[in-house]
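Report on one structure; see the data block that follows.
The values are calculated or read from the model by the stated rules, or taken from the named source; none is laboratory data. Please read these numbers as outputs of a predicted model, since none were measured by experiment. Positions of Cβ are backbone-derived with ideal geometry, glycine not excepted, and every protein chain shown enters the neighbour counts. Ligands, DNA and RNA are excluded from the accessible area calculation, which covers all protein heavy atoms including side chains. Shrake-Rupley method; radii C 1.70, N 1.55, O 1.52, S 1.80 Å.
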Amino acid sequence: MELLNGNEVSKKIKEEIRLKVAELKAAGKKTPHLAAILVGADGASMTYVAAKEKDCQEVGFDSTVLRFDASISEDELLAEVVKINNNPEIDGLIVQLPLPKHINEKKVTETISYKKDVDGFHPMNVGMMFKGLRTFLPATPYGIIKTLEHYQIETAGKHCVVIGRSDIVGKPMSALMLQKNCTVTVCHSKTKDVSHYTLDADIIIAAIGIPGYLKAEMVREGAVVIDVGITRVADETAKSGYRLKGDVDFDKVAPKCSYITPVPGGVGPMTRVGLLLNTLDAIELYSK
Ligand code: GUN
């Protein structure tokens, strides 16, 4: 069994991005600039946005965080998005989710210009991704593809089972694995007998959000297992009061696998790299 080390791979790719940014700067080209909008004071969202800022700094991107009180109206927030759409200094924009209940997330996502939508959530980018056209890819599936490529894991003709059908992970992941020539099965909360599918899988991508969901009895010997889960579970011994638990019963599943991602240190850091790669792509795709 070999660990798919997201920390190590992300470090390597970040260094490659840093060198590309240095080249852009030396050639007098534009420095990639990522903007994030953060509404309210959700703990996890603040942590994610701070991490994105740090990532930008590390690779030499410019970054801006716009913070708004949870009481901001939908119209005011949409106006802020339009302002960034029209600001040529900014190449990529993410609006950190979730948003307060009085704001329609779909409306906000669809207001971000598809040319700056480095989350890849805009219907235009979703459509382009499904057609296999070059565009921004949702960061987690992008990071997973980069991980599989780094470890040269064969995908052609393999049976990939994706567990979960979210717009952010499950659906785009299944499309990307299809493009990598896998035979793809998507299982979800209403699937009868998930084991029937996972026991036949060469590659399992667990993104269902239930800690410890994938058990050893559901996995065949030699499978590649990718764990997207990051549920916070209470842990008095941790400084934060919680620890992250994946969707895979890691200790029991790992010995059966050829490759497996740990949580933390697997998919998480690669998701962050996915966002950086999209921001770099924004320059190539749309910067004049
Ligand atoms: N909240 C949780 N995950 C994400 C993400 O990938 N992008 C944004 N914008 N918000 C999130």
When region 230-248 is examined, which residues are found to be open to solvent by less than 40 Å² (accessible area, probe 1.4 Å) and assigned to a loop (DSSP other than H, G, I, E, B)? Asp235, Ala238, Gly241, Gly246, Asp247
With respect to the numbered conditions (1) crowded, with 20+ Cβ neighbours inside 10 Å; (2) touching a residue at least 40 places away in the same chain (Cβ under 8 Å); (3) more than 19 Å from the chain's Cα centre (by Cα), which one is the sole condition not fulfilled by Leu99? (3)
Could you please let me know if Val65 is out of contact with any Ser or Thr (no Cβ under 7 Å at 6 or more places or on another chain) and surrounded by 14 or more Cβ atoms within 10 Å (Cβ to Cβ)? yes
Given the conditions (1) polar (S, T, N, Q); (2) open to solvent by 10 Å² or more (accessible area, probe 1.4 Å); (3) within 16 Å of the ligand (Cβ to nearest atom), which single one is not true for Thr279? (2)
Go through (1) among the acidic types (Asp, Glu); (2) under 29 Å from Val118 (Cβ atoms); (3) buried (at least 19 other Cβ atoms within 10 Å of the Cβ) and name the single condition Asp202 misses. (2)
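Among the listed residues Lys83, Lys52, Lys101, which satisfies the condition of being basic (Lys, Arg), modelled with pLDDT of 95 or more and farther than 30 Å from Ser240 by Cα?
Lys83
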Which condition number in (1) touching a residue at least 12 places away in the same chain (Cβ under 8 Å); (2) at negative phi is the one that Glu236 fails? (1)
Residue hits (region 115-140; aromatic (Phe, Trp, Tyr) and open to solvent by 70 Å² or more (accessible area, probe 1.4 Å)) are Phe130
Subset of region 141-184 [within 17 Å of Ser10 (Cβ to Cβ), open to solvent by less than 20 Å² (accessible area, probe 1.4 Å) and among the hydroxyl-bearing types (Ser, Thr, Tyr)]: Thr147
Has region 53-61 got at least one residue that is hydrophobic (A, V, I, L, M, F, W, C) and surrounded by fewer than 21 Cβ atoms within 10 Å (Cβ to Cβ)? no
Residue check: is Glu23 in a helix (DSSP H, G or I) and either more than 16 Å from the ligand (Cβ to nearest atom) or among the aromatic types (Phe, Trp, Tyr) (or both)? yes
Taking the criterion of being within 15 Å of the ligand (Cβ to nearest atom) and over 29 Å from Ile230 (Cα atoms), would at least one residue in region 29-47 satisfy it? no
What is the number of the single condition among (1) over 30 Å from Ile283 (Cα atoms); (2) assigned to a loop (DSSP other than H, G, I, E, B) that Tyr197 does not meet? (2)
Complete set of residues in region 212-229 that are in contact with a helix residue (DSSP H, G or I) (Cβ under 6 Å, 6 or more places away or on another chain) and surrounded by fewer than 17 Cβ atoms within 10 Å (Cβ to Cβ): Ala216, Glu221
